[in-house]
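Working notes for the structure below.
The values are calculated or read from the model by the stated rules, or taken from the named source; none is laboratory data. Since we're looking at a predicted model, the values are computed, not measured. Cβ sites come from the backbone with ideal geometry, for glycine too, and all protein chains shown count toward neighbours. Side chains included, ligands, DNA and RNA excluded: accessible areas come from the protein's heavy atoms. Shrake-Rupley method; radii C 1.70, N 1.55, O 1.52, S 1.80 Å.
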Amino acid sequence: DRFRQFHKDYYHPSNSRVFFYGDDDPQTRLEVLDQYLGQFDSSSPSIDSSIAFQKKGDKPWKQVEYFPVSEDAPKKHMLTVNWLLNDRPLSMKEELALDVLDHLLLGTASSVLHKKLIESGLGESVCGGGLSGELLQSTFSVGLKGIKPEKVDEVEHLILETLNEIADQGFSNEAVAASINTIEFHLREFNTGSFPRGLSIMLGMLRRWIYDGKPSHGIQFEESLNMLKEELTEGTLSFSDLIREYLLQNNHRLTLEMKPSTTMEKDDAELEKTKLKRIKESMSKEELNDIVERTQQLKQFQEQEDDPEVLAKIPRVGLDDIERSVKVIPLEVWENMSDSVKVVTHDLQTNGILYADVAFNMHALSLEEYPYLSVFRRLVMESGTSTMDDVALSRRIGTVTGGIRANSMNMQKHKDTVSNSVENVLSLFMFRGKAVRNNTSDLFDLIHSVATDANLDNQAKTLEILREQKIQYENAVVSSGHSFVNTRIASRHSLLGYLSEITGGITYLQQLGLMINEAESDWPGFLHKLEIMRKKICCRENLVINLTADQKTLNNLRETVNHFIQRIPKAERHSCAKSLRFSWDNSSLLPMENEGLIVPTQVNYVGKGGLMYSEGERIPGSSVVISKFLGTGYLWNNVRVIGGAYGGFASFGPSSGRMHFLSYRDPNLVDTLSTYDRAHEHLDTLEISDDMIQKAIIGAIGDMDSPKMPDQEGFESFQHYLRGESVASRQAWRDEVINTTAADFKAFAQRLAKLQGNVCVVGSKASLEAANEELSEKLKLVHVVKPDGVKSRL
C-alpha cells in the first residue's frame, strides 16, 4: 500500500518535467501532451518533492568498510578521502571553476595530484573519480586502490600534504591554459558520440531542473566561461584559494578505508539464510501458502504474452518510416601524396574542427608482441619526448588541440562469405586527434612527436601503467564479467577473437603479472621489445590517414599532411618469419573447453557460443534481425524478467558467423544455460506474425542507423574503406535485413539447434562448484586473480 501511494504521489504529472527535442510541430506536441495529461485528476494535491541542502559538518571522520575477496587473492586495501563541497547553491561560474580545478588536479595522467599519487608507489591505481556535480551538492573524492595494509595510513597524509603544497605553489599559467582549453573545446564541440544529442541536452538540464533551478543553467556556459577567464586575467580568481575553501578548510571530510575480507561473501550468505529462516518460522501456514500462491501468480504473469491490442496502442516506427538506402558519406582519396600514402578525406560539417586518424598497419608484429601494445600505447602518450617531459607534453596537447589518443584495433576485411583466415585480418595502431582549423599544424606536429620520439625508456612509468592496468582489469572482471566471457569464447574460434583475448581479456590479465616481473627484473630486454615494436609500427610504408572536416579546412591541409608524411621514417628491414601473417596457426587458439572463472562476486556472468556458419558459407542479413529478436524478446523475458538477471544478450557476428549468448549480473547459472539451449525451440515453435517480424527488423535497423556525430561518420566510412566494403555490398545487406521473412526465422532455428558451443562463466567458487554438481559437461575451474608473486597463465 505504501509503495502504491508513493507512486501515486510522486509519479503524478504535477511532479513531472516535460522535455521535447526535435523539429516536429510544437502544436502537435501540446496536443499529444494534453491527451496524456487529460487522463489525470488536476485537483490532486501537489507533493513537495524538493531536496533540502545538508548542512556541512565541522569535523572530519573516518570509516572502515569491507569488500569480499577470494582466499588466494592479494589482500590489498583501498582508501579514499571524500569531501562534501557545498551547502548552498553554486553559481554557474563556481561550477565551471570547480570543473577546471578538477582537471588541473586529476584530469590527465600528468595532472599534479594524480601524478603524485601514482608516483608515490603507495597504491596501484588512482580511484575516487574526483569531482561529481550531478546532485544538488557536489562532492570530491580521491584515493588509491591496491594499497598494502602497512601503507594505508600514509595515503590520507599524502593527499592532504599534496593539496597543501599545490595551494602554496599554485598552478603554472601553462597548466591553467591547457585545462581551460580542454574544457572549453569539449563544451563547444558537444560531441555526444552515439548517445542521442537530445537526451544529452535533457540530462544536462535535469542537473538543475530537478532541484527547482532553471533548466537552461544546466547547459549554458558562455557567460560563465568569459567571467572565469576575465577573473583569471585580473587575478581576482585563484585556484589555490579554491583548494583551500573547498578542500583544505572544509571539515566535512570522510576518509573511507576498504578492507579485504575472505569471509564476507560466506558470512553475508549465512546471515541472509538465518534471517530468512527466522522470518519463515515466524509465519503461519496460511501466510506461507499465500506467499507460494503469489509467487506462482507472479511467474504466470511474467510468462504470459502481452495483449496484442494493448501493444498496438504504443506509438512506434513502421517499415515505411525506415530509410531504404544506406547512408553514403562523402569520401575522396587524395592523389599524388608523398610516397603514395593514402589520405582518405570526408567533407562533413564539423564547425571548423578537424578530426584526424593517423593509422599504421601492424602486419610486421609477431604474436608475442601483441600483449605489449597496451603499455606501448600508454607510454607513447604519457612519457614525454626528447624535447618535452610528460607534463609539458600533456599541457601542449591540452593547449592547442581537443585531445590526442592512441589505440590499436583489429578488423576483418569484407568478404561475402565467412573467412577467419589470417590474410583476412587487418590490425592497426592509431593516433586519433582533433583541433580547430588554425591549430591543425600543431596537431600533426604533436602526433609526429609521440609516434617517433616518445621516451620509451621510462621503467618507473611502465611499472605504474602495468600495475594500474592489473588492478583495473581485476576489478573489471567482477563488474563487467560478460565482456570477458564474450572475448574468451571468441578466442577459441578465430584469430580476431584470440587477438582480443591476449590484448584485453583474461589471458592479458594473467600476462600483466608476468610483464610486471619482466619490467622489474629485465628492463633493458623489456625496453628493447618496445623500441623494436615502434620501428615495426611507426613507419611510412604502414601509414594511412583519415581526415574528417568541412571542405574549407580540408583545402588548407595538403601541405601540412604531406610534410607530416615526409617526416615519418621509412621502414627498417625486419625478419618476416615471426610476423603474425607467416607464423599464425589455428592450433594457437584457446582449446575448446568449458570454463568457470572464479572471482569474488555474488552474481554470475554466463556465456555460451560457437559457430553457426562455417568457413566459406554466406551469411544472410536476416541473421542480425533474428538474433536481435532473441535478445529483446526470449532472453529478456527468460533471463532478465523471470530469471532475475540484470541483462541477457544474443550477439551474432555477421562476419565471423558466431552466435554468443550472454547474461549480466545473473543470480542463476544452470537455468540460464538451459534457457540458451532452448532458444532454437522457441524460434521453431513460435507462431511469428508479420507484426513481430516488422518490430524485429526495425530493431536491427535501429542498431545500424544509430545516431552519429560527424567524426563518427567519417571514421565509420574510413573503416568501410579499409575493409573493402562497397556501398553496393552494404546496400545488399540492408535489403536482406529489411526483407526478413518468417522462413528466415525457421532456417535460423535449424542452424541454432546444431550449435555445438562452449561455455564460459564468471562467478564465485561456490556458485561454480554448485553448478558442476548439476552439469553433465563440467566446467574447468580457474582462479582469475592470483596472489602477488605467482607466475601463472590460464
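For region 779-791, a residue qualifies if it is surrounded by fewer than 17 Cβ atoms within 10 Å (Cβ to Cβ) and at pLDDT 90 or above, and the qualifying residues are LYS780, LEU781, VAL782. Among residues of region 723-778 being under 26 Å from ALA645 (Cα atoms) and in a loop (DSSP other than H, G, I, E, B), the one that is most open to solvent (accessible area, probe 1.4 Å) is GLN756.
Could you tell me which residue of region 12-32 is nearest to SER46 (Cα to Cα), considering only residues that are part of a loop (DSSP other than H, G, I, E, B) and more than 32 Å from the chain's Cα centre (by Cα)? Before the answer, list the steps.
Our first condition is that a residue be part of a loop (DSSP other than H, G, I, E, B); within region 12-32, this holds for 12, 16-25.
Checking which are more than 32 Å from the chain's Cα centre (by Cα) leaves us with 12, 24-25.
Details: HIS12: 9, ASP24: 31, ASP25: 30 Å.
Here the answer is HIS12.
Does ALA454 qualify as being under 30 Å from GLN602 (Cβ atoms) and either crowded, with 20+ Cβ neighbours inside 10 Å or touching a Ser or Thr at 6+ places or on another chain (Cβ under 6 Å) (or both)? So ALA454 fails the test.
When only residues in region 652-670 that are aliphatic (A, V, I, L, M) and farther than 14 Å from SER623 by Cα count, which is nearest to the chain's Cα centre (by Cα)? Let's see the steps before the verdict.
Applying the first criterion (aliphatic (A, V, I, L, M)) to region 652-670 yields 659, 662, 669-670.
If we keep only those that are farther than 14 Å from SER623 by Cα as well, we get 662, 669-670.
Details: LEU662: 17, LEU669: 25, VAL670: 28 Å.
Applying the filter and picking the extreme gives LEU662.
Residues that are open to solvent by less than 20 Å² (accessible area, probe 1.4 Å) and part of a helix (DSSP H, G or I) within region 528-560 comprise LEU530, MET533, ILE537, ASN542, THR553, LEU554, listed in sequence order. Answer yes or no: is there a residue in region 422-435 that is open to solvent by 40 Å² or more (accessible area, probe 1.4 Å) and under 30 Å from ASP585 (Cβ atoms). Looking for residues that are open to solvent by 40 Å² or more (accessible area, probe 1.4 Å) and under 30 Å from ASP585 (Cβ atoms), one finds at least one in region 422-435, hence yes.
Residue count for region 367-380 under the criterion of being touching a strand residue (DSSP E or B) at 6+ places or on another chain (Cβ under 6 Å) and surrounded by fewer than 22 Cβ atoms within 10 Å (Cβ to Cβ): the result is 1.
Scanning region 234-245 for any residue that is open to solvent by 70 Å² or more (accessible area, probe 1.4 Å), modelled with pLDDT under 95 and not small (Gly, Ala, Ser) turns up at least one such residue. Only a single item in (1) more than 30 Å from ASP241 (Cα to Cα); (2) touching a strand residue (DSSP E or B) at 6+ places or on another chain (Cβ under 6 Å); (3) in a loop (DSSP other than H, G, I, E, B) is not met by LYS56, and it is number (1). Taken over region 27-54, residues that are open to solvent by 80 Å² or more (accessible area, probe 1.4 Å) and out of contact with any Phe, Trp or Tyr (no Cβ under 7 Å at 6 or more places or on another chain) amount to 16. Can you pull out the residues in region 7-25 that are small (Gly, Ala, Ser) and at negative phi? Scanning region 7-25 gives SER14, SER16.
Restricting attention to region 632-647, report how many residues are open to solvent by 10 Å² or more (accessible area, probe 1.4 Å) and not polar (S, T, N, Q).
9
The condition of being farther than 30 Å from CYS539 by Cα, assigned to a helix (DSSP H, G or I) and under 32 Å from the mean Cα position of the chain (by Cα) holds for only one of TYR613, TYR634, TYR605, that being TYR634.
How many residues, within region 657-686, are among the hydroxyl-bearing types (Ser, Thr, Tyr) and over 21 Å from GLY699 (Cβ atoms)? Explain how you work it out, then say what you get.
Taking region 657-686 first, the residues among the hydroxyl-bearing types (Ser, Thr, Tyr) are 663-664, 672, 674-676, 685.
If we keep only those that are over 21 Å from GLY699 (Cβ atoms) as well, we get 672, 674, 685.
Result for region 657-686: 3.
If you go through region 436-451 and keep only what is in contact with a helix residue (DSSP H, G or I) (Cβ under 6 Å, 6 or more places away or on another chain) and surrounded by fewer than 22 Cβ atoms within 10 Å (Cβ to Cβ), you end up with ARG437, ASN439, SER441, ASP442, HIS448.
Evaluate region 160-175: report whether one residue or more is at pLDDT 95 or above, closer than 16 Å to GLU257 by Cα and open to solvent by 20 Å² or more (accessible area, probe 1.4 Å). Yes, region 160-175 contains at least one residue that is at pLDDT 95 or above, closer than 16 Å to GLU257 by Cα and open to solvent by 20 Å² or more (accessible area, probe 1.4 Å).
The set of residues in region 561-583 being among the hydrophobic types (A, V, I, L, M, F, W, C), outside any loop (DSSP other than H, G, I, E, B), touching a helix residue (DSSP H, G or I) at 6+ places or on another chain (Cβ under 7 Å) and modelled with pLDDT under 95 consists of LEU580 alone. Residues considered: ILE180, ILE118. Of these, the only one that is over 24 Å from GLN472 (Cβ atoms) and aliphatic (A, V, I, L, M) is ILE180. Contact annotation: residue pairs with Cβ atoms under 7 Å, 6 or more positions apart or on different chains, pairing a residue in region 156-178 that is within 16 Å of TRP83 (Cβ to Cβ) with a partner that is open to solvent by 50 Å² or more (accessible area, probe 1.4 Å) and not basic (Lys, Arg), are ILE166/VAL112. Count of region 483-527 residues, restricted to those that are under 23 Å from the mean Cα position of the chain (by Cα), without any contact (Cβ under 8 Å) to a residue 40 or more places away in the chain and either farther than 18 Å from LYS470 by Cβ or open to solvent by 40 Å² or more (accessible area, probe 1.4 Å) (or both), is 1.
For ASN586, state whether it is modelled with pLDDT of 85 or more, of a type in the set (S, T, N, Q) and either within 30 Å of SER261 (Cα to Cα) or under 26 Å from the mean Cα position of the chain (by Cα) (or both). In short, no. Just one residue in the set LYS266, LYS214 is open to solvent by 70 Å² or more (accessible area, probe 1.4 Å), closer than 30 Å to LYS76 by Cβ and touching a helix residue (DSSP H, G or I) at 6+ places or on another chain (Cβ under 9 Å); that residue is LYS266. Quick check, is SER663 at pLDDT 90 or above, small (Gly, Ala, Ser) and either surrounded by fewer than 17 Cβ atoms within 10 Å (Cβ to Cβ) or touching a helix residue (DSSP H, G or I) at 6+ places or on another chain (Cβ under 9 Å) (or both)? The answer is yes for SER663. Criterion first (loosely packed, with under 11 Cβ neighbours inside 10 Å, part of a helix (DSSP H, G or I) and without any contact (Cβ under 8 Å) to a residue 24 or more places away in the chain) does LEU271 satisfy it? Criteria met by LEU271.
What is the residue count in region 315-338 for residues that are open to solvent by 100 Å² or more (accessible area, probe 1.4 Å) and not in a helix (DSSP H, G or I)? Full working, then the answer.
First, pick out the residues of region 315-338 that are open to solvent by 100 Å² or more (accessible area, probe 1.4 Å): 315-316, 320-321, 323-324, 327, 335-336.
Right, trim to not in a helix (DSSP H, G or I) and you get 315-316, 323-324, 327, 335-336.
So the count comes out to 7.
Pairs linking a residue in region 673-697 that is polar (S, T, N, Q) to a residue that is open to solvent by less than 80 Å² (accessible area, probe 1.4 Å) and assigned to a loop (DSSP other than H, G, I, E, B), with Cβ atoms under 8 Å and 6 or more positions apart or on different chains, are THR675/GLY643; GLN694/GLY318.
Between LEU135, LEU113, LEU90, which is crowded, with 19+ Cβ neighbours inside 10 Å and either within 30 Å of GLU174 (Cβ to Cβ) or not charged (D, E, K, R) (or both)? Let's see the steps before the verdict.
Details: LEU135 fails: crowded, with 19+ Cβ neighbours inside 10 Å; LEU90 fails: crowded, with 19+ Cβ neighbours inside 10 Å.
One residue alone meets the criteria, LEU113.
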